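Just so you know, all these numbers are worked out from the coordinates, no wet-lab data involved. Note that the structure is predicted; figures quoted are calculated from it, not measured. Heads up, the Cβs are rebuilt from the backbone with ideal geometry, glycines too, and the neighbour counts pull from every protein chain shown.
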Amino acid sequence: MHQSTSMNIERLKINIISETPFYPKGHGVHTAFVEMVEAYKKLGHKVLINSDKKTDITHCHTIGLYSLKKIKNNPGKVAISAHVIPDSFVGSLVGAKLWLPLAKVYLKYFYNKAKVMIAVSPQVKTELDSWNLKGKVFYIPNSVNMHKFEHNEKLREERRKALGIKEEEFVVVNTGQIQPRKGIQTFIDTAKKLPNIKFVWVGGIPMKKFASNYKEMMEIQKDPPKNVIFTGMAPYEDAPSYYSAADALFFPSYQENFPYSVIEAAASGLPLIMRDLDIYKPIYWDLTIKTNKEEDFVSIIDKISKNKSYWQEWSNKAIKLAEKYESIATAKKIIEVYKKEILDESEKA
């Protein structure tokens with residue numbers, strides 16, 4: 001019996017569930033979905049997307065009612081990637097603090113449909129472990145296709161031309177939704193103090209009026225400092241060109257679980273300048289430049305724009321970080337969890 005299971009493991013039929021193809025895609029959950037699909041296909045597995053068919057595994061990335069209906073089709077063989085916990089909604093969606101208790105009840109109900117939970121950060125795993133869920137929780141972080149995000153001089157030239165940025169100008173970039181939680185005000189305030197540096201924010205407000213502080217976030221974009229560029233929502237396929245066009249990542253977010261922007265930028269060799277959050281310590285170690293002082297962001301960016309050896313030091317560390325999260329290796333880890341916790345258990349049953 002077990003021999004038969006091992007043979008079938010070589011090529012699994014996996015149904016990957018995500019609502020993100022139907023909605024604006026400027027966020028990390030969609031990126032995680034895309035990366036998983038691509039990695040599984042490269043490993044030779046048969047991938048279905050949002051199918052109603054019976055498969056060896058159903059793996060879900062989103063938490064809406066559509067996803068709930070889909071995972072019910074394959075009971076006992078469900079894995080869920082946990083990208084969000086209740087705190088993720090604060091500073092992202094309107095009135096989140098008021099309905100946070102209900103969000104926790106729903107998330108617990110949803111996550112209990114899984115045999116296996118894949119927590120994208122140690123913080124998420126700790127939170128889910130405290131809920132005493134029915135399924136097992138494993139920490140396996142998000143991953144990145146290193147080759148896709150390698151620095152590309154042709155893309156750099158094309159994107160800078162499209163943005164109206166000269167080759168000699170130093171550029172810091174951030175990618176993500178425009179919302180208070182992401183540190184948009186810090187981004188603007190820092191830019192004002194460094195007028196000779198270009199600040200580019202790639203992303204918009206996909207949730208529109210449901211987003212936290214929607215009117216304020218729209219006003220910020222209407223009259224930015226002259227050295228700040230808001231690109232609006234950009235296709236995922238364009239992300240490599242924005243990283244290639246930049247010289248550093250400036251990521252001043254106040255709350256994250258495992259931000260994709262950081263490892264994508266790392267794969268491009270961009271020095272990583274971030275807020276010093278506890279969540280980052282076990283996942284980024286000493287390979288990023290972290291601070292909690294607003295004035296330090298100014299001095300760090302100023303130094304890294306002028307000191308080539310300092311820039312090179314942190315560029316090398318960024319690449320080292322990205323190598324730890326290569327997509328194929330991560331996909332193999334998740335497949336092993338399927339094998340041990342779902343497929344072998346199904347065989348025993």
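Per-structure values
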{"read-out": "Sequence-separation-based contact order of region 153-323, relative, with Cα cut under 8 Å and 6+ spacing, percent", "value": "24"}
{"read-out": "Spatial separation of Cα centroids for region 209-257 and region 44-78, in angstrom", "value": "32"}
{"read-out": "Span from the region 276-349 Cα centroid across to the region 154-185 one, whole angstrom", "value": "21"}
{"read-out": "Rel. contact order, % - alpha carbon contacts under 8 angstrom, at least six apart, the chain", "value": "19"}
{"read-out": "Which of Thr190, Thr288 has the fewest Cβ neighbours within 10 Å, and the rest in rising order", "value": "Thr288, Thr190"}
{"read-out": "Ranking of Trp285, Trp131, Trp314 by count of other Cβ atoms within 10 Å, fewest first", "value": "Trp285, Trp131, Trp314"}
{"read-out": "Computed [θ] at 222 nm, deg cm²/dmol, the chain (DSSP H ≥ 4; -39,500 (n - 2.57); rounded to nearest 500)", "value": "-12500 deg cm²/dmol"}
{"read-out": "Under 5 Å, built H, 5+ apart or other chain: amide partners of Gln179", "value": "Ile184"}
{"read-out": "Packing-based order for 54-64, 256-266, 329-339, using average beta carbon neighbours within 10 Å, highest first", "value": "256-266, 54-64, 329-339"}
{"read-out": "Residue with peak Gaussian network fluctuation, the chain [Cα springs, cutoff 10 Å], from Leu43, Leu128, Leu287", "value": "Leu43"}
{"read-out": "Long pairs among Lys134/Lys333; Lys104/Lys324; Lys222/Lys290; Lys125/Lys333; Lys193/Lys293; Lys72/Lys340, criterion Cα-Cα beyond 23 Å", "value": "Lys104/Lys324; Lys222/Lys290"}
